[in-house]
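The values are calculated or read from the model by the stated rules, or taken from the named source; none is laboratory data. Not measured: the values here are computed from a predicted model. Here the Cβ positions follow ideal geometry from the backbone for every residue, glycine too, while neighbour counts run over all protein chains shown. SASA here: full protein model, heavy atoms, side chains in, ligands and nucleic acids out. Shrake-Rupley method; radii C 1.70, N 1.55, O 1.52, S 1.80 Å.
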Amino acid sequence: MFHAIIKNYKVMFLYFVPAFLYCLYNNLAFINLAKYDPTSYSVLSQFRVVISGLIFQVLFRRRLTKIQWLSMIILTVGCMTKELDHQQIKGESFDLFFSLLILLQIMCSCFAGVYTEYLLKGRTSCGEVDIWIQNIFMYSNSIMCNGMFLLFSQTLDSTLQWDSIQSVLHIKVVLIIFNNAAMGLVTSIFLKNLNSILKNFASALEIMLTMVLSWAIFDVQVTIFGILSTSSVIFAVQLYSRNPVVNLK
């Protein structure tokens with residue numbers, strides 16, 4: 001493994017792009033959540049489906065069909081409807097700066113995801129590199145990017161103090177860390193063999209699953225927003241299945 005890492009060191013530098021973008025995305029999330037209420041933030045974040053489609057077209061130089069675009073727009077509306085189920089959006093004055101910040105956050109996440117798929121599918125020199133080696137590059141670079149952020153924000157010393165480290169060592173926090181790491185590894189396999197467009201549809205299916213399980217297990221009332229959201233997602237998936245994006249190898 002060490003030999004493979006040294007041999008493919010150039011690929012490691014390519015993964016600094018998504019690692020930096022994800023680092024920026026995570027930090028922008030805290031800034032934007034401080035400005036927007038959770039529902040407004042979640043609704044605006046749903047535009048990532050459409051933005052991913054635009055970036056996919058540019059990076060892979062493929063034009064999506066009208067049916068594919070229509071299905072993604074319906075999916076976006078369905079996801080927004082689900083967020084409206086939680087609470088009413090608070091009326092706030094328009095702030096161009098923070099609107100651009102949340103757009104930047106969405107762009108970071110979408111470009112990082114599609115670019116990672118671009119690397120995993122060998123559109124650069126990454127083609128012959130094992131997927132697990134690429135994952136090592138991705139997460140190693142992420143650690144370095146976040147470390148540099150802590151250094152420049154002058155919070156590295158306080159982060160490395162025992163009290164800060166101890167707060168992370170709770171079993172629930174550790175489980176969340178392992179869960180998110182596992183999600184990242186599974187996502188890389190998904191992007192390697194399928195595509196980021198299909199990933200958006202697969203992620204949206206959690207709306208239907210969550211609603212059914214919440215009703216069956218916790219006796220949570222099914223609302224009109226939940227029904228409209230689930231119906232929209234099901235229709236979008238069915239429409240997309242008629243003309244899906246052909247998986248790129």
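Treating each Cα of the stretch 123-168 as an identical point scatterer and summing with the Debye formula, the log10 of I(q)/I(0) at q = 0.26 Å⁻¹ comes to -0.92. The simple spin-label model puts a point 7 Å past each Cα toward its Cβ; for Ser231 and Thr159 those points are separated by 4.7 nm. Apply the a/c threshold of 1.5 to the C-alpha gyration tensor of the stretch 111-249 and tell me whether it is rounded, prolate or oblate. In terms of gyration-tensor shape, oblate.
Spin-label pair Arg61-Val212: with each label point 7 Å from Cα along the Cα-Cβ axis, the two points sit 4.2 nm from one another. Return the subset of Lys7/Lys192; Lys82/Lys192; Lys66/Lys199; Lys7/Lys199 for which the Cα-Cα distance in this structure is over 26 Å, preserving the input order. Result: Lys82/Lys192; Lys7/Lys199 exceed 26 Å.
Each stretch of four or more DSSP H residues adds -39500 (n - 2.57); spread over every residue of the chain, this sum gives -25000 deg cm²/dmol at 222 nm. Close amide H pairs (under 5 Å, H built 1.01 Å from N) link Val220 with Trp215, residues at least 5 positions away or on another chain.
Among the helices of the chain, those built from whole DSSP H runs whose Cα atoms reach 18 Å or more along their own axis and whose mean Kyte-Doolittle hydropathy is at least 1.0 are 16-35, 96-120, 131-152, 171-193, 224-242.
If one computes P(r) from the Cα atoms of the stretch 162-231, what percent of pairs lie at distances over 17 Å? That tail contains 64 percent of the Cα-Cα pairs.
What's the carbon and sulfur percent of the chain's accessible surface, probe 1.4 angstrom, rounded to a whole number? Can you show the working numbers first?
On the way: 10470 of 15030 Å².
Carbon and sulfur together cover 70 percent of it.
Summarised in one figure, the compactness ratio Rg/Rh of the chain, Cα atoms and Kirkwood Rh, is 0.98. At a Cβ-Cβ separation cutoff of 4.7 angstrom, cysteine residues of the chain with no neighbouring cysteine are Cys79, Cys108, Cys110, Cys126.
Cα centroid separation, the stretch 57-72 to the stretch 190-249: 19 Å.
For a distance above 17 Å, tell me the whole-number percent of Cα pairs in the stretch 192-249 that qualify.
Here the tail beyond 17 Å accounts for 47 percent of pairs.
Relative to one another, the C-alpha centroids of the stretch 102-120 and the stretch 31-49 are positioned 17 Å apart. Each Lys and Arg adds +1 at its Cβ and each Asp and Glu adds -1 at its Cβ; summed about the Cα centre, the stretch 111-224 shows a dipole of about 260 debye.
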